[in-house]
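Working notes, beginning with the structure itself.
What follows is calculated from the coordinates using simple rules that are stated; it is not laboratory data. In this text, all values refer to a predicted model and were calculated from it rather than measured experimentally. Cβ placement follows ideal geometry from the backbone for every residue including glycine, while neighbour counts extend to all protein chains displayed.
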Amino acid sequence: MKYLIILFLLMSSVTGFSQAFSKEAAANFKKVEWLIGTWDRTNVKPGRTSWEQWKTISQHHIGGMGVTMQGSDTVFVEKFSIQIKDNALYYIADVPENKEPVFFKLTEITSGGFVCENPQHDFPKKISYQFDGVNLKAQISGDGKAMDFIFKRR
């Protein structure tokens with residue numbers, strides 16, 4: 001757990017993109033703030049627990065991490081954020097498999113969900129989050145494959 005706290009603090013200390021943002025970008029950012037909080041995954045493999053936690057980093061930056069545990073062992077950790085860059089919103093994923101964080105541009109934004117894409121990335125090429133008021137469904141997809149992650153707010 002100490003390892004997870006240190007990772008989160010390091011990620012939080014990284015500064016966001018400092019620039020003037022358009023009104024549209026700032027308004028769109030407000031549309032994704034519903035994601036802030038802790039979400040427990042409900043469709044994990046037996047013997048595992050998994051969650052995502054999103055926090056406000058700054059006025060135009062939310063960030064967090066996803067953790068999967070098997071008992072008391074950490075199996076997987078992913079860092080992620082949503083930030084404004086070049087007057088657009090980006091979902092930024094930082095996973096152990098990639099040398100650098102991967103940027104996915106938000107291409108659809110509603111009050112209860114968003115879709116982001118990076119067609120040049122190997123997998124996934126598309127990430128979507130949709131909240132129906134009870135369940136949060138995150139889906140990663142690309143090249144005919146898709147994986148669903150179902151969460152409930154803690």
Simple SL model, points at 7 angstrom along Cα→Cβ for ALA88 and LYS105; separation in nm is 0.2 nm
The aspartates and glutamates whose Cα lies under 17 Å from the Cα of LYS105, excluding any fewer than 8 residues away in the same chain, are GLU24, GLU33, ASP86, ASP94, GLU117, ASP122
Surrounding charge for TRP54, neighbours by C-beta under 15 angstrom, Lys/Arg +1, Asp/Glu -1, total +3
Checked against a 29 Å limit on the C-alpha separation, the offending pairs among LYS99/LYS152; LYS23/LYS152; LYS23/LYS145; LYS45/LYS85; LYS30/LYS145; LYS30/LYS152 are LYS99/LYS152; LYS23/LYS152; LYS23/LYS145; LYS45/LYS85; LYS30/LYS145
Taking the alpha-carbon centre of each part, the distance from region 29-88 to region 108-140 in Å is 13 Å
When all Cα-Cα pair distances of the chain are considered, the percent exceeding 19 Å is 54 percent
Cα-only Rg/Rh for region 65-154 with Kirkwood Rh rounds to 0.97
So the angle from the long Cα axis of helix 2-13 to the longest Cα principal axis of the chain, reported in degrees to the nearest 10, equals 0 degrees
Rounded to the nearest 500, the 222 nm mean residue ellipticity computed for the chain from DSSP H runs (n ≥ 4, each -39500 (n - 2.57)) alone is -4000 deg cm²/dmol
